[in-house]
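Read-outs throughout are calculated quantities, based only on the coordinates presented, and are distinct from any laboratory measurement. Predicted model only: the values in this text are computed from it and were never measured. For neighbour counting, all protein chains shown are included, and Cβ atoms are generated from backbone atoms with ideal geometry for every residue, glycine included.
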Amino acid sequence: MILPIVFYPDPLLRKKGAEIGQVTEEHRSLAGDMFETMYEYNGLGLAAQQVGKVLQLAVIDVRGSDRPSQLFVGVREMPVESMMPLVLINPLISKPKREEKGGEGCLSFPGLFGDVVRAGEIAVEATDLEGKRNRFTCTGLLARAIQHEVDHLNGVLFIDRMKEEDLALAKSQLREMEQQFKQRS
Ligand code: ZN
């Protein structure tokens, strides 16, 4: 089922997701709908807040992009595709390395793109839909997508991390979104 997307500046996007205790059929069904919604709108990632659920759950699939990523499980490099599509429940990021600037968009900000500086490499631990806790390290686009989604789960948006000058370029688009939101609500 394709779910309605929550758009900026809906206050739902500023809510920190509740931690998920036991992974249930309801979470599996939500994750399935989130993938369907994300693919429908050609996104690489989607957080539960973006479909109105204030939970620590996000979905990612970077296979649609040709921007490079690397994945390491333990010391072993694995094909990124082997982990796609990826569900992150209660994710934690650690050991950020290097800073890299890269372009980002967000399904809650249609038409808005901007550069964001993020760690080029991160360690991740997250629970999957079977309730298993997984640990891995990643770089490139996958690392960027995970940082973007984990931010969402904590109520942080990519505009919060844009440089002042990039944000200035986005100002009129943001104002338009704010007006549209006011008209809808
Ligand atoms: Zn986003």
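Provide Rg over Rh for segment 51-94; use the alpha carbon set for both Rg and the Kirkwood Rh (inverse mean inverse pair distance).
On the Cα set of segment 51-94, Rg over Rh gives 1.02.
On each of the three principal axes of the Cα atoms of segment 1-47, give max minus min coordinate, whole Å, ordered largest first.
30, 24, 16
How far is it, in nm, from the label point at MET84 to the one at GLU178 when both lie 7 Å from their Cα along the line to the Cβ?
Calculated label separation equals 3.7 nm.
How many lysine pairs are close in segment 1-150, with Cα atoms under 23 Å apart and the two 8 or more places apart or on different chains?
Final tally of qualifying lysine pairs is 6.
Restricting things to Cα coordinates, could you compute the convex hull volume per residue of segment 85-125 in Å³?
97
Kirkwood hydrodynamic radius (Cα pairs, Å) of segment 1-86?
With all distinct Cα pairs of segment 1-86 included, I get 14.2 Å.
Can you sort VAL23, VAL75, VAL62, VAL124 by how many other beta carbons sit within 10 Å, fewest first?
VAL75, VAL23, VAL124, VAL62
So if I place +1 on the C-beta of Lys and Arg and -1 on the C-beta of Asp and Glu, and nothing else carries charge, what would the dipole magnitude of the chain be about its Cα centre? I want it in debye, nearest 20.
With only Lys, Arg, Asp and Glu charged at Cβ, the dipole is about 400 debye.
Taking 22 Å as R0, compute the FRET efficiency from the Cβ-Cβ separation of ARG67 and LYS163 and round it to 0.05.
Once rounded, the FRET efficiency stands at 0.65.
Over the chain, what is the mean sequence separation of C-alpha contacts under 8 Å (at least six apart), divided by residue count, expressed as relative contact order in percent?
About 25 percent, as a whole number.
Assuming 0.36 nm per residue, please report the length gained on full extension of the stretch ASP128 to LYS171 beyond their Cα-Cα distance.
11.8 nm
What Kirkwood hydrodynamic radius, in Å, does the chain give when the mean of 1/r is taken over all pairs of distinct Cα atoms and then inverted?
By the Kirkwood definition, the hydrodynamic radius is 16.7 Å.
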